[in-house]
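Engineer: First the structure, which I've put down as structure tokens, then a few questions once you've had a look.
The values are calculated or read from the model by the stated rules, or taken from the named source; none is laboratory data. Remember, predicted model here, so these are calculated numbers, not experimental data. Cβ atoms come from the backbone with ideal geometry, glycine included; neighbour counts cover every protein chain shown. Keep in mind that these areas ignore ligands, DNA and RNA; they rest on the heavy atoms of the full protein, side chains included. Shrake-Rupley method; radii C 1.70, N 1.55, O 1.52, S 1.80 Å.
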Amino acid sequence: MSLLRHRDFRLLWIGQAGSTFGASVTSVALPLVAVATLDASTFQVALLTAAAWLPWLLVGLPAGALVDRLRCRPVMVTCDLVAALLFASVPVAGWLGALSIGHLLAVALAGGTVSVFFKTAYQVYLPTLLDRADLAEGNAKLQGTEAVAQVAGPGAAGLLASLVGAATALLADVLGFLCSAACLLSIRSREPRRAADPAAGLGRQIAEGVRFTARDPYLRVLTVWGGVSNLGLIGYQAILVVFLVREVGLGPGAVGGLVAVMSLGGVIGAAIATTLSRRLGSARALLLCALGAEPFGLLIPMTAPGARLALPVLAGVVIGAGVVAGNVVKAGFRQAYVPHRLLGRVSVTMQVVNLGTIPLGAVLGGALGTALGLRPAMWVITTGLALSGLILLVGPLRKRRDLPEPEHDAEPPEPDAELPAPARSVRRELLSAAER
């Protein structure tokens, strides 16, 4: 059955679309508030970005352990409602004349913390909603929506900011979070009880997730590759706008259009991920996404006015397609492979490494650009990105067509797991009705 006919997945998908679009608007609108309304310095604007990602390093591992103790849907609904209140506070403070840089930093930090819990719970929740065979398609649809939002959101942010002001534009994010909460509350599927022992110490649970990730040859190499490739990705993205303006000589409008077109690669990657995985095998598809796509970054330092403006577009589209398609394959593998009781902790362990390198990559790009100049810095960073895929050849992926099925015993079955599929469906509907 197509996931388009899966009512509960449709609700999750619609909610995610609204929330992701709002977050994409905020990624541009919040810095615009700082610059246009509060006359913030470059360093203060950079701090806003750092504050949004810092929670992955501060609370990522405890969040994974806590999510593994709780049912995910209530966690996600709570995160949506808290985030809506946080971002609504910005336009309210602006209307009252009480807005400050400290307020924006607090909202960015608290919003980033909420995002850590939501994204961790989200990764754990999807396998309870879909069968294992549908995870790849489900992840592809969700990643595709996110990619579209990242293309449309910045343009919408600029339009809204010009029409109603940057602070009021943040209400788009508030509406997105409220939409997500409403959709989650409308889902009927009964989430199974978590197998984690609440009596176990938090530190012990965190260590269990870290050990599982570090000892597994597949998860370990995927984690290291994700962290190193993000250094290169964020490193060149951090100086891309400055490079296009100061080295290539483009105006702000041309830069915005060029970056928007480069971002279309994510939409393509989400569309082709399941086809690549099915035809080539999931392991080979992942190797293609890394070894085939990331070297295209070497085209970016060759950018010049005229026909060579096509080079960064080609690089951005191919890299974006490879990153998103690889993320779809990786997420589906992790959700099917990791024991469900450990999924929150393993997911967040990998994310702490992967996303924790984002601030470092931005600092690295800025430092190299300052020390070497923008074009030499681009050569250094994109060369590192091109070579990062070789990390995947160190592990067992190079010998396989497909990523492995789990070899561990599955969690104890749900009460209706041994019933025929139609009977399970009827029972879930009855249980959902009883809960309501």
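Engineer: Could you check how many residues of segment 358-375 are loosely packed, with under 14 Cβ neighbours inside 10 Å and in contact (Cβ under 8 Å) with a residue 12 or more places away in the chain?
Structural biologist: Matching residues across segment 358-375 total 0.
Engineer: On to the next question. Quick one: how many residues across segment 221-266 are open to solvent by less than 50 Å² (accessible area, probe 1.4 Å), outside any helix (DSSP H, G or I) and under 25 Å from Glu137 (Cα atoms)?
Structural biologist: 1
Engineer: Does segment 46-62 hold any residues that are open to solvent by 30 Å² or more (accessible area, probe 1.4 Å) and closer than 19 Å to Ala106 by Cα, and which are they?
Structural biologist: Ala46, Leu47, Thr49, Ala50, Ala52, Trp53, Leu54, Leu57, Leu58, Val59
Engineer: Could you identify the single residue in Leu86, Leu4, Leu99, Leu30 that is open to solvent by less than 50 Å² (accessible area, probe 1.4 Å), at pLDDT below 80, over 18 Å from Val348 (Cβ atoms) and not β-branched (Val, Ile, Thr)?
Structural biologist: Matching residue, one of Leu86, Leu4, Leu99, Leu30: Leu30.
Engineer: Cβ-Cβ distance below 9 Å, separation of 6 or more or different chains: which pairs start in segment 8-22 with a residue that is free of Cβ contacts under 8 Å to residues at least 24 places away in the same chain and end on one that is crowded, with 20+ Cβ neighbours inside 10 Å and of a type in the set (A, V, I, L, M, F, W, C)?
Structural biologist: Taking only residues 6 or more apart or on different chains, the pairs are Arg10/Cys183.
Engineer: Quick check on my filter: what residues within segment 63-83 are open to solvent by 40 Å² or more (accessible area, probe 1.4 Å) and part of a helix (DSSP H, G or I)?
Structural biologist: Selection gives Leu66, Arg73, Pro74, Thr78, Leu81, Val82.
Engineer: In segment 65-77, what residues are touching a helix residue (DSSP H, G or I) at 6+ places or on another chain (Cβ under 7 Å) and at pLDDT 80 or above?
Structural biologist: Hits for segment 65-77 are Val67, Cys72, Arg73, Val75, Met76, Val77.
Engineer: From the list Ala149, Ala161, which one is open to solvent by less than 10 Å² (accessible area, probe 1.4 Å), at pLDDT below 85 and in a helix (DSSP H, G or I)?
Structural biologist: Ala149
Engineer: Kindly list, by first and then second residue, each pair from a residue in segment 267-287 that is open to solvent by 40 Å² or more (accessible area, probe 1.4 Å) to a residue that is not in a helix (DSSP H, G or I) and not acidic (Asp, Glu), limited to pairs with Cβ atoms under 9 Å and residues at least 6 apart or on different chains.
Structural biologist: Going by the 9 Å Cβ cut-off, the qualifying pairs are Leu280/Arg401; Arg284/Arg400; Arg284/Arg401.
Engineer: Name the residue that is modelled with the highest pLDDT, counting only residues in segment 38-60 that are over 20 Å from the mean Cα position of the chain (by Cα) and not in a helix (DSSP H, G or I).
Structural biologist: Within segment 38-60, the match that is modelled with the highest pLDDT is Leu38.
Engineer: While we're looking at this one, here's another question. Considering only segment 257-272, I want to know if a residue exists there that is closer than 21 Å to Leu374 by Cα and over 21 Å from the mean Cα position of the chain (by Cα).
Structural biologist: yes
Engineer: Only one of these is surrounded by fewer than 18 Cβ atoms within 10 Å (Cβ to Cβ), on the phi < 0 side of the Ramachandran plot and either in contact (Cβ under 8 Å) with a residue 60 or more places away in the chain or not in a helix (DSSP H, G or I) (or both): Arg341, Arg345, Arg401. Name it.
Structural biologist: Arg401
Engineer: A further question follows. What number of residues within segment 295-313 are crowded, with 17+ Cβ neighbours inside 10 Å and assigned to a helix (DSSP H, G or I)?
Structural biologist: Of the residues in that region, 9 qualify.
Engineer: Between a first residue in segment 304-326 that is within 13 Å of Leu288 (Cβ to Cβ) and of a type outside the set (A, V, I, L, M, F, W, C) and a second residue that is part of a helix (DSSP H, G or I) and open to solvent by 20 Å² or more (accessible area, probe 1.4 Å), which pairs have beta carbons less than 7 Å apart while being 6 or more apart in sequence or on different chains?
Structural biologist: Hits for this filter: Gly322/Gly292.
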